[in-house]
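A.B. asks: I have a structure here, written as structure tokens, and I will follow up with some questions on it.
A short reminder: the numbers here are calculations on the coordinates, not readings from a lab. These numbers come from a predicted model, not from an experiment.
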């Protein structure tokens, strides 16, 4: 587990960091957190908790540095033809 992953919140659509079975996915307009993680009362649990603390601290700092709307509009979802038939 990398305690300092290369993760710049809201900077790209590519970064995904895993902490246990928890996934933190980077997007340009949102961060998606899914899955689960056990923060056990041992050194492994502490390492995972520190990693989450670091990641979420970066998210909070990035949000605080932006001029934010009250609420994002819903995404513009488009249906495309299946290229495989």
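A.B. asks: Relative to the first principal axis of the alpha-carbon coordinates of the chain, what is the inclination of helix 43-64, with its axis defined by its Cα atoms, in degrees from 0 to 90 and to the nearest 10?
C.D. replies: 40 degrees
A.B. asks: Quick check on the chain: what does the Kirkwood estimate of hydrodynamic radius come out to from the alpha carbon pairs, in Å?
C.D. replies: 14.9 Å
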